[in-house]
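Input: a single structure, listed below in structure tokens.
The values are calculated or read from the model by the stated rules, or taken from the named source; none is laboratory data. The structure displayed is predicted, hence computed values, not measured ones. Counting neighbours? That spans all protein chains shown, and the Cβs are built from the backbone with ideal geometry, glycine included.
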Amino acid sequence: MKTIHKLFSLGCVGCCFVVTLSSCNDLLDTVPQGQFTAEQLDESSVEGLLASAYAGLEAHFYGNNEAFAGPSTNWIFDVRSDDAYKGGGGTGMEENIHLLEVSEINSDNISCLNKWQNNYYAISRVHNAMLALQQTSGLSTAEQLMGELKTLRAWYYFDLIRIFERIPYFTEGDDVNTKSNTEYTRDQIFEFIKTDLREAIDVLPAQKSAAGRITRTTAQAIMAKVCAFTSSWEDVKNYADAVIKSGQYSLFQNFGDISKTAFNNGSESIFALQCSTANDNAHINWCNLLNCTYSDGNLYGTGDDFFYGSQNLVNAFRTDPANGLPLLDGTFNKVNVTEDYDGTLDPRLDFTVGRIGFPWRGHTYTEGWCRAYDVYGEFSNKKAWPAPEDALAAWPWGANSLNYMFIRYADILLLKAEALVELASGTNAATDEGLVEARDLVNQIRQRAANSVDGSYSPVDLDPGKADYYVGLYPTDWDGNLYWTKERARMAVRFERRLELALEGNRWFDLVRWGTDYLLRTINTYMSEEAAIRPYYNGRSITENEIFLPIHIDEVDNSNGLYK
């Protein structure tokens, strides 16, 4: 049996300990080794272990590349969708991610290993904290802390089961050296995740005790996303409803506010990675660090410029000039949005990607901002980057304190809308009230987009003098009720998720949960059409057995036959 020798620090606020790992299964060992005795455990040390469990969200354990190639932001899976190209200096740079983009799936892809290990490292931290908490008596916050830990464990396992078809599942009391990835079915693992969340919801506080802390609504929002993945639509509606009716959240007034550090933990943020430039940039968003634009003039430093918006995504922001609605008939990709495009557009486009000649946070975006224009075109991702004046220009490139929102309020509004559509028994909004409410939710999202065309907003990201921004609402009169059929509503909600959440790590997972046929049709059409401008797509396609990633061969070899 092969042996992996690794040394990594599970550091946290209030405690620091080191574990030596000698094999794959030891890596997952949940038994604390050389940390605290039961007598030494107190509220401070348990809170420190909790902080360590939260820090697993950073996916930055022992270096940089494991955060780049196995990020918690999941941008490397968005390049598997129709939303994004890998970007960077060319297809050979971080080729492991390029292979994911073109669906050349191999069991020795380091991205598979990094993603797998990052989440199981994080789960190990959760279990260390759980075991410590169980040894400690007299803590008034014990139930709440256990609720936070169960929510974190549910999130880490949910993240894994969306990416790998079969995974080992274990709790804090299990012997991981006996755990196979075939012991439990996917349905069983989803139920374990839901059980953790249900138990957490029962004990978590309604309000945050500190920025970034998990609350009842955090767990309910995660549960809504988990239930959407299992098509449990009544539960999606109920849990999304609980978040909405809590009264704690609202959409930011301007779409561009999601990229401002001043709005960290604001009204739209439900569950977020807490980022900071303090302590020598120890807690910046390492997972997105490769993705900083090349930024001609060194405004952010010379970024690696990975994670580009695709031409297909950019074209999706075209609107019908007659009503400002998306082109749901499939014609959105018949015309490319380029520098000479003069049709109507959804303004969210220019908050999402850079376009040559258009503003970027008050500066002018040019071809010089694009590291490999001849390979990937011009659409640097924009959402993850505040204005350069709010970022550090030196190494790390573009380091800033903008939080990464795993779940924001718009996501939950759209999940509820989707649930209402799937639960609808009538054929249109004239015969089903759920379809009416779904339309209202989608229109709420679209109204915010329309309101974001504001010439007084700073920094400037839109240029109404060069682009014809037009966002309309889905009609609500009688003809509109007949127009808003269940099938058209489904298309509209799915399209709205793409526009609203573009380049935020959701698109690939949406395609997966919408079904194999839908995913294969979408991606294979995309690759075929995109090959005209991105020749590296020529002859590429995806098959059903390439949707989920394989367990990395090193993990299989080191499992002593447990992993299949």
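Considering (1) at pLDDT 95 or above; (2) over 22 Å from A410 (Cα atoms); (3) outside any strand (DSSP E or B), the lone condition that L289 does not fulfil carries the number (1). Only one of the numbered conditions (1) over 19 Å from S528 (Cβ atoms); (2) outside any loop (DSSP other than H, G, I, E, B) is not met by N312, and that is (1). For the stretch 333-349, a residue qualifies if it is crowded, with 19+ Cβ neighbours inside 10 Å and outside any loop (DSSP other than H, G, I, E, B), and the qualifying residues are N333, T344, L345, L349.
The residues of the stretch 323-332 that are surrounded by fewer than 16 Cβ atoms within 10 Å (Cβ to Cβ) and hydrophobic (A, V, I, L, M, F, W, C) amount to a single one, L328.
I want to confirm something. Restricting to the stretch 312-321 and keeping residues that are touching a strand residue (DSSP E or B) at 6+ places or on another chain (Cβ under 9 Å) and not acidic (D, E), which single residue is surrounded by the fewest Cβ atoms within 10 Å (Cβ to Cβ)? This residue is P321. Mind checking which residues of the stretch 231-251 are part of a helix (DSSP H, G or I), touching a Ser or Thr at 6+ places or on another chain (Cβ under 8 Å) and surrounded by fewer than 20 Cβ atoms within 10 Å (Cβ to Cβ)? A242 - this is the single residue of the stretch 231-251 that is part of a helix (DSSP H, G or I), touching a Ser or Thr at 6+ places or on another chain (Cβ under 8 Å) and surrounded by fewer than 20 Cβ atoms within 10 Å (Cβ to Cβ). Looking only at residues of the stretch 80-121 that are assigned to a loop (DSSP other than H, G, I, E, B) and among the charged types (D, E, K, R), we find that the one that is surrounded by the most Cβ atoms within 10 Å (Cβ to Cβ) is D83. Looking at the structure I just gave you, is R540 in a helix (DSSP H, G or I) and surrounded by fewer than 21 Cβ atoms within 10 Å (Cβ to Cβ)? So R540 does not fit the description; no. Residue count for the stretch 198-222, restricted to those that are assigned to a helix (DSSP H, G or I) and either without any contact (Cβ under 8 Å) to a residue 12 or more places away in the chain or out of contact with any Lys or Arg (no Cβ under 7 Å at 6 or more places or on another chain) (or both): 10.
Filtering the stretch 357-392 to residues that are surrounded by fewer than 17 Cβ atoms within 10 Å (Cβ to Cβ) and either over 21 Å from D340 (Cα atoms) or touching a Ser or Thr at 6+ places or on another chain (Cβ under 8 Å) (or both) leaves G357, G362, E389.
If you go through the stretch 350-371 and keep only what is assigned to a loop (DSSP other than H, G, I, E, B) and at negative phi, you end up with G354, R355, I356, F358, Y365, T366, C370, R371. Looking only at residues of the stretch 126-155 that are among the polar types (S, T, N, Q) and part of a helix (DSSP H, G or I), we find that the one that is nearest to S209 (Cα to Cα) is Q144. The condition (being in the same structural domain as G48 (by TED's automatic domain parsing), over 22 Å from the mean Cα position of the chain (by Cα) and of a type outside the set (G, A, S)) is satisfied by just one residue among F170, F164, F158: F170.
For the condition in contact (Cβ under 8 Å) with a residue 12 or more places away in the chain and of a type in the set (G, A, S), G472 qualifies.
The condition (being within 24 Å of A69 (Cα to Cα), in contact (Cβ under 8 Å) with a residue 12 or more places away in the chain and touching a helix residue (DSSP H, G or I) at 6+ places or on another chain (Cβ under 9 Å)) is satisfied by just one residue among W360, W286, W369: W286.
Candidates G561, G539: the one that is over 28 Å from D432 (Cα atoms) and outside the structural domain of R166 (by TED's automatic domain parsing) is G539.
Here the condition is being under 30 Å from R490 (Cα atoms), under 25 Å from the mean Cα position of the chain (by Cα) and of a type in the set (A, V, I, L, M, F, W, C); of I284, I270, it holds for I270 alone.
Of all the listed residues (V79, V31), the sole one being β-branched (V, I, T) and either in the same structural domain as W395 (by TED's automatic domain parsing) or modelled with pLDDT under 95 (or both) is V31.
Within the stretch 174-186, can one find any residue that is within 23 Å of the chain's Cα centre (by Cα), closer than 18 Å to K150 by Cβ and not hydroxyl-bearing (S, T, Y)? Within the stretch 174-186, not a single residue is within 23 Å of the chain's Cα centre (by Cα), closer than 18 Å to K150 by Cβ and not hydroxyl-bearing (S, T, Y). Could you go through the stretch 126-143 and let me know if any residue there is in contact (Cβ under 8 Å) with a residue 24 or more places away in the chain, in contact with a strand residue (DSSP E or B) (Cβ under 7 Å, 6 or more places away or on another chain), closer than 24 Å to F509 by Cβ and buried (at least 17 other Cβ atoms within 10 Å of the Cβ). The answer is no; no qualifying residue exists. Taking S137, is it polar (S, T, N, Q), out of contact with any helix residue (DSSP H, G or I) (no Cβ under 8 Å at 6 or more places or on another chain), farther than 30 Å from G368 by Cα and outside the structural domain of V375 (by TED's automatic domain parsing)? Spelling it out, S137 is indeed polar (S, T, N, Q), out of contact with any helix residue (DSSP H, G or I) (no Cβ under 8 Å at 6 or more places or on another chain), farther than 30 Å from G368 by Cα and outside the structural domain of V375 (by TED's automatic domain parsing). If you go through the stretch 517-537 and keep only what is more than 14 Å from S310 (Cβ to Cβ) and surrounded by fewer than 18 Cβ atoms within 10 Å (Cβ to Cβ), you end up with D517, Y518, L520, R521, N524, P535.
Only residues that are outside any helix (DSSP H, G or I) and either modelled with pLDDT under 90 or surrounded by fewer than 24 Cβ atoms within 10 Å (Cβ to Cβ) (or both): list them for the stretch 52-69, please. Correct list: H60, F61, Y62, G63, N64. Of the residues contained in the stretch 190-201, one or more are found to be under 30 Å from A262 (Cα atoms) and surrounded by fewer than 23 Cβ atoms within 10 Å (Cβ to Cβ).
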